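Worksheet for the structure shown next.
The values are calculated or read from the model by the stated rules, or taken from the named source; none is laboratory data. From a predicted model like this one, the values you see are computed outputs, not experimental measurements. Positions of Cβ are generated from backbone atoms using ideal geometry, with glycine treated the same way; all protein chains shown enter the neighbour counts. The accessibility values were calculated without ligands, DNA or RNA, using every heavy atom of the protein model including side chains. Shrake-Rupley method; radii C 1.70, N 1.55, O 1.52, S 1.80 Å.
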Amino acid sequence: MNKDIIRASSRKGLIFGIVMIFLVLINFHIMAATMISKLLGTNVLRGSFPEVRFMIIFLVLYGLWVGWSAVSREGTATGKLFEGLIAGITTGALVALFGLILFYLLETQTDVRRYLTNLSFPSINIFLLGLNGVGIPVHLGLFTLTGLVGASLKVGIRSQLFTRTVQNIKSFVNNLKLRITSLLPAYVHKYGKYFFYLVMLFLLFLLPSRWGAYNNFVFGMVGLYVILGIGLNIMLGLSGQFMIGIAALFAMGAYSVALLNSPIPHGVMLGFWPSLVVGMLVAVLGGLLLGLPIMRLRGDYLAIVTLAFGEIIRILLNSDLLTDFTGGPRGIQNIQQPTFLARPFNDVSYAYLIIIAMAVSIFLYYRLENSRTGRAWLSIKEDTLVARATGVDVQKYKLLALCVGAAFAGLAGGIFAARNQFTGPNDHTLMVSINVLSVVIVGGMNSIPGIILGSFALRGLPELLRELETYRLLVFGALLVFMMIVRPEGLWPSSRPDLEEKGSIGLQENIETEGKEGRGNG
Amino acid sequence: MEANKRSRPKLTRRNYSKIIRPIFGIMVLGYILWRLYLVLIVQQVYTAEIWVRLLISGLIIGGVYALIAIGYTLVYGILFMINFAHGEVMMIGAFAGYFLFEFTKSINVAAPGEPPLSFSDGYPLISVILAFLVGMTIAAAAGFFLEKIAYRPLRKAPRLIPLISAIGASFFLQNAAQLLFSPQVRDYTNPQAIARGSGWTIMINDARVIVTYTGALTFILSILLMIGLYVMVQKTKLGKAMRAVASDKNTAALMGIDVDVIISRTFIISGALAGAAGVMWGLHNGLVHFFVGFLPGIKAFTAAVLGGIGNIPGAMLGGMFLGLIESLGPTALGISYQLKDVIAFVIMIVILIFRPSGILGEVLSEEKV
């Protein structure tokens with residue numbers, strides 16, 4: 001029993017220690033300390049290093065987390081504290097060992113930045129808390145202590161006294177709420193929701209002209225990703241087709257607008273609005289051309305083929321073959337700005353355009369989801385065989401989903417190109433597809449609030465917190481894995497009850513039948 | 001009668017792909033034949049030694065693809081899942097080999113008084129063997145942990161969930177490598193004896209064709225590893241268990257096979273092969289960076305599909321075939337060398353559309369059903 005505890009918690013401590021070493025190697029500790037100092041109101045100049053005390057706060061927080069998560073569900077209070085202590089000691093020992101190596105590097109002035117690019121001397125110095133060799137035992141002590149404290153915190157919070165207090169407070173608050181709402185007249189109950197929406201809408205229309213060009217840019221990015229996410233969701237969430245090549249459709253919209261509005265490759269000046277429609281049509285055509293031959297493919301093959309499609313489009317745009325036609329690697333510059341009522345667009349008007357496009361997309365999405373078509377898509381996703389048996393034209397509807405999704409992607413692409421006044425192959429890499437996929441998966445499939453939340457969290461936040469930008473894609477990758485394991489339905493799951501087994505996002509057939517089908521085919 | 005009339009148009013309407021797929025196929029085939037006719041018969045600009053050169057490079061790169069493709073096939077055969085992060089495992093192997101070569105290069109083994117001689121130049125054989133061992137071990141460990149962290153909790157989930165997780169893992173590994181080792185492109189430091197570009201010279205029509213040492217090493221080693229793997233899967237107890245798990249997990253578990261352990265070992269083996277491929281890639285092409293595994297990974301997947309995924313000889317054949325097509329294709333079709341990746345992707349799409357079971361697909365289904 002005791003041995004098991006020691007083994008389990010030292011294992012947890014080991015994992016935390018390895019993670020900590022990894023964080024130091026990618027320079028995350030400096031970023032975290034900078035963020036903490038910003039939160040506490042001490043600004044750190046760009047390029048300089050934060051003070052040591054913020055590093056200590058980061059380490060303490062990390063140590064508390066170690067202790068917190070080392071505590072298992074069963075066992076006595078002392079046993080739990082013991083678990084936290086063991087985990088803290090293991091983490092501390094590992095980190096101290098690592099610190100020893102870093103100290104050696106610091107003492108001998110060995111520059112390893114040629115291999116480990118982030119391990120600079122100031123960074124090591126701050127990690128050792130500015131104490132050189134003394135920092136090593138300090139790490140060990142710090143993690144041991146914070147492990148114990150973290151565990152005791154968790155034990156305290158889980159204790160009956162605490163739960164009872166929380167329950168009391170909760171019931172008190174609920175009572176208060178009831179009393180207040182009973183005082184209010186009935187129409188507030190009935191129309192309060194709409195009032196809230198109205199206020200939100202008002203704010204949304206007021207903000208772009210108020211909060212400056214940079215925020216408009218960030219907001220526009222978020223809005224475009226919402227539109228792209230809706231497009232992908234129609235393919236992936238509604239009709240269950242795993243599409244990774246949405247960047248290609250995005251590129252079709254962007255290049256249509258760019259080519260029809262730029263003086264350089266062709267000199268066609270069609271104007272923004274018609275070319276936006278053309279862009280959407282081209283994207284639909286692209287979706288159709290992609291969809292027609294690959295309709296019969298199963299889930300993961302479809303994913304790989306669409307990924308290949310996206311890469312083909314990108315390579316073609318980058319190649320010499322199309323340089324005369326699409327500008328090659330340099331892309332298309334000087335895209336003519338759209339006008340509305342003879343006034344040229346600025347960042348505020350783009351923000352409004354994106355808000356309107358977003359609102360229209362959301363409206364269309366809801367109408368589609370609740371229509372006959374939407375039900376047909378959902379039935380295909382849940383069970384293709386049953387859908388076919390009940391008379392759904394599976395191929396037609398799958399194709400339709402690709403085309404509709406492509407139209408959304410084309411719309412986003414067109415606005416994107418015009419807003420940036422530039423588009424090139426590097427705007428349409430696999431990253432874009434992965435970003436959109438992350439937005440939809442992390443936010444929650446089939447859930448518009450989820451997609452909006454996802455794009456705010458994944459696109460908006462990293463733009464606003466510039467320090468995080470370096471780690472954005474790393475976090476995306478980790479988030480995708482983490483979400484799949486812990487919460488496959490997303491942060492804000494759709495309210496539609498999941499018809500399949502719990503914990504699934506319900507994509508096509510289950511493993512067994514598909515496995516057999518797979519063997520039959522190949 | 002009436003019912004018949006009404007159902008007729010529906011039937012044709014449903015089968016778009018029956019019309020579209022042949023048209024698509026004829027277009028692709030026609031284009032290929034037209035280009036081949038132009039280049040091989042009308043123009044005839046390329047002489048024999050160019051073809052030999054391309055053939056050699058195709059075989060070498062094909063060996064690397066085959067090794068990676070085997071990893072895809074092994075995992076797919078057992079879990080029915082595309083291990084999207086497999087290319088990144090190869091990248092990790094390549095980096096491990098790179099660091100080992102840097103390390104052996106920095107050790108001086110010259111006797112005092114003589115000009116400095118690094119370990120890797122003094123004992124090239126030992127350092128190459130060491131590099132392969134280290135690369136394979138670390139990549140195998142990466143494969144093991146990848147399965148344990150990203151895939152094992154999702155064993156029972158619907159099929160696309162592990163795929164999303166795999167994409168996430170792939171991105172995570174790529175970006176972790178970028179943050180750890182910086183995005184710069186690094187040169188592999190080969191031992192002097194097998195420096196890049198050096199090799200045996202063959203004369204063909206009075207033109208010199210060089211068979212590089214690194215290329216020969218890559219090709220021979222990949223063939224040896226493939227033979228070793230084939231023997232292992234066919235003859236040893238572990239191989240037997242792997243085949244049993246691949247054909248039916250539940251029954252295999254009833255027969256006393258620990259399915260989890262076997263899956264774990266499959267990932268270790270496929271990781272080791274990918275690691276070897278990574279070191280070969282580094283030795284032969286000389287470049288290593290965080291993105292090095294992505295394209296070979298996707299192409300190796302293409303190779304696995306080409307040969308019929310889940311089928312080990314198929315993956316070997318597919319890899320070789322893809323390597324040859326990729327090096328001969330741009331020249332034979334007379335298109336820009338920039339588009340060689342497009343050729344691989346188009347082949348994959350065409351194969352998936354027309355023959356999802358791959359070239360050797362039938363063998364597999366006979367064996368397994």
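Considering B:G275, B:G318, the condition of being under 13 Å from the mean Cα position of the chain (by Cα), under 19 Å from B:L173 (Cβ atoms) and open to solvent by less than 10 Å² (accessible area, probe 1.4 Å) is satisfied by B:G275 alone.
Find all pairs meeting these conditions: Cβ atoms under 9 angstrom apart; at least six residues apart or on different chains; first residue within segment B:82-108 and over 18 Å from B:S182 (Cα atoms); second residue small (G, A, S) and outside any helix (DSSP H, G or I). Matching pairs, first to second residue: B:A85/B:G293; B:H86/B:G293; B:G87/B:G293; B:T104/B:S118; B:K105/B:S118; B:S106/B:S118; B:I107/B:S118; B:N108/B:S118.
Whether any residue in segment B:182-192 is open to solvent by 60 Å² or more (accessible area, probe 1.4 Å) and either of a type in the set (A, V, I, L, M) or free of Cβ contacts under 8 Å to residues at least 60 places away in the same chain (or both) is what I want to check. Looking through segment B:182-192, at least one residue is open to solvent by 60 Å² or more (accessible area, probe 1.4 Å) and either of a type in the set (A, V, I, L, M) or free of Cβ contacts under 8 Å to residues at least 60 places away in the same chain (or both). All of A:M35, A:M20 fail the test of being more than 20 Å from A:V155 (Cα to Cα), part of a helix (DSSP H, G or I) and either modelled with pLDDT under 85 or open to solvent by 30 Å² or more (accessible area, probe 1.4 Å) (or both), apart from A:M35.
Filtering B:I149, B:I164 for residues that are open to solvent by 60 Å² or more (accessible area, probe 1.4 Å), facing chain A (nearest Cβ under 8 Å) and of a type in the set (A, V, I, L, M, F, W, C) leaves a single hit, B:I149.
Within segment A:264-281, residues that are assigned by TED's automatic domain parsing to the domain that holds A:I415 reach partners that are exposed (fewer than 13 other Cβ atoms within 10 Å of the Cβ) and of a type in the set (S, T, N, Q) with beta carbons closer than 9 Å, at six or more positions or on different chains, in the pairs A:I264/A:N334. So B:V109 passes all but one of these: (1) hydrophobic (A, V, I, L, M, F, W, C); (2) within 14 Å of chain A (Cβ to nearest Cβ); (3) touching an Asp or Glu at 6+ places or on another chain (Cβ under 9 Å); (4) open to solvent by 10 Å² or more (accessible area, probe 1.4 Å). Which condition number does it fail? B:V109 satisfies every listed condition except (2). B:V305 meets the conditions (1) at pLDDT 80 or above; (2) more than 10 Å from chain A (Cβ to nearest Cβ); (3) under 30 Å from B:R243 (Cβ atoms) in every case but one. The failed one is (2). Specify the residue that is surrounded by the fewest Cβ atoms within 10 Å (Cβ to Cβ); the eligible residues are those in segment B:117-146 that are aromatic (F, W, Y) and assigned to a helix (DSSP H, G or I). Residue satisfying both the conditions and the ranking: B:F145.
None of A:L140, A:L129 is surrounded by 14 or more Cβ atoms within 10 Å (Cβ to Cβ) and on the phi > 0 side of the Ramachandran plot except A:L129.
Listed here are the residues, each with its yes/no results for (1) part of a loop (DSSP other than H, G, I, E, B); (2) of a type in the set (V, I, T); (3) more than 11 Å from every other protein chain (Cβ to nearest Cβ).
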residue	(1), (2), (3)
B:V261	no, yes, yes
B:T266	no, yes, yes
B:P313	no, no, yes
B:P330	no, no, yes
B:D341	no, no, no
B:M348	no, no, no
B:L352	no, no, no
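Say we look at segment A:376-399 and pick out the residues that are under 26 Å from A:F250 (Cα atoms) and without any contact (Cβ under 8 Å) to a residue 60 or more places away in the chain; which of these is most open to solvent (accessible area, probe 1.4 Å)?
First pass over segment A:376-399, keeping only residues under 26 Å from A:F250 (Cα atoms): A:376-378, A:380-381, A:394-399.
Filter once more, keeping what is without any contact (Cβ under 8 Å) to a residue 60 or more places away in the chain: A:376, A:394, A:396.
On the way: A:A376: 10, A:V394: 7, A:K396: 74 Å².
Filtering first and then ranking leaves A:K396.
Would you say A:T306 is of a type in the set (S, T, Y), more than 10 Å from chain B (Cβ to nearest Cβ) and in contact with a helix residue (DSSP H, G or I) (Cβ under 8 Å, 6 or more places away or on another chain)? No; evaluated as a whole, the condition is false for this residue. Out of curiosity, is B:V231 open to solvent by 60 Å² or more (accessible area, probe 1.4 Å) and either in a helix (DSSP H, G or I) or in contact (Cβ under 8 Å) with a residue 40 or more places away in the chain (or both)? Yes.
Screening A:I335, A:I354 for residues that are more than 25 Å from B:V346 (Cα to Cα), in a helix (DSSP H, G or I) and either more than 14 Å from chain B (Cβ to nearest Cβ) or modelled with pLDDT under 85 (or both) leaves exactly one candidate, A:I354.
Applying the selection to segment B:101-142, what residues are within 28 Å of the chain's Cα centre (by Cα) and farther than 22 Å from B:T214 by Cα? Selection gives B:A140, B:A141, B:A142.
Among the residues of segment A:309-331, the ones that are within 9 Å of chain B (Cβ to nearest Cβ) and of a type outside the set (V, I, T) come to 7 in all. The single condition among (1) at pLDDT 90 or above; (2) open to solvent by 20 Å² or more (accessible area, probe 1.4 Å) that A:F408 does not satisfy is (2).
Condition check ((1) surrounded by fewer than 16 Cβ atoms within 10 Å (Cβ to Cβ); (2) more than 25 Å from the chain's Cα centre (by Cα); (3) aromatic (F, W, Y)) across all residues:
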site: A:G331; (1), (2), (3): no, yes, no
site: A:Q337; (1), (2), (3): yes, yes, no
site: A:L341; (1), (2), (3): yes, yes, no
site: A:V348; (1), (2), (3): no, yes, no
site: A:L353; (1), (2), (3): no, no, no
site: A:S361; (1), (2), (3): no, no, no
site: A:N370; (1), (2), (3): yes, yes, no
site: A:T373; (1), (2), (3): no, yes, no
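Which of the residues spanning segment B:203-212 are open to solvent by less than 90 Å² (accessible area, probe 1.4 Å) and either modelled with pLDDT under 80 or within 16 Å of B:N285 (Cα to Cα) (or both)?
Of the residues in segment B:203-212, the ones open to solvent by less than 90 Å² (accessible area, probe 1.4 Å) are B:204, B:207, B:209-212.
B:I204, B:A207, B:I210, B:V211, B:T212 - these are the residues of segment B:203-212 that are open to solvent by less than 90 Å² (accessible area, probe 1.4 Å) and either modelled with pLDDT under 80 or within 16 Å of B:N285 (Cα to Cα) (or both).
Scanning segment B:33-86 for residues that are at pLDDT 80 or above and in a helix (DSSP H, G or I) yields a count of 37. Hey, any hits in segment A:341-351 for a residue that's away from chain B (no Cβ under 14 Å), closer than 30 Å to B:V305 by Cα and assigned to a helix (DSSP H, G or I)? No, that holds for no residue. Residues that are over 30 Å from B:Y123 (Cβ atoms), in a helix (DSSP H, G or I) and more than 7 Å from chain A (Cβ to nearest Cβ): does segment B:176-198 have at least one? Yes: one or more hits.
Before we move on, is B:G256 modelled with pLDDT of 90 or more and out of contact with any helix residue (DSSP H, G or I) (no Cβ under 8 Å at 6 or more places or on another chain)? Show your work before the answer.
Values: modelled with pLDDT of 90 or more: no; out of contact with any helix residue (DSSP H, G or I) (no Cβ under 8 Å at 6 or more places or on another chain): yes.
No: the conditions fail for B:G256.
Scanning segment A:104-124 for residues that are free of Cβ contacts under 8 Å to residues at least 60 places away in the same chain, open to solvent by 30 Å² or more (accessible area, probe 1.4 Å) and assigned to a helix (DSSP H, G or I) yields a total of 4.
You will find that of A:G133, A:G141, A:G147, the residue that is under 22 Å from A:V52 (Cα atoms), modelled with pLDDT under 80 and not basic (K, R) is A:G133 and no other. Entry remark, segment A:437-496: residues being basic (K, R), more than 13 Å from chain B (Cβ to nearest Cβ) and outside any helix (DSSP H, G or I) number 1 in total.
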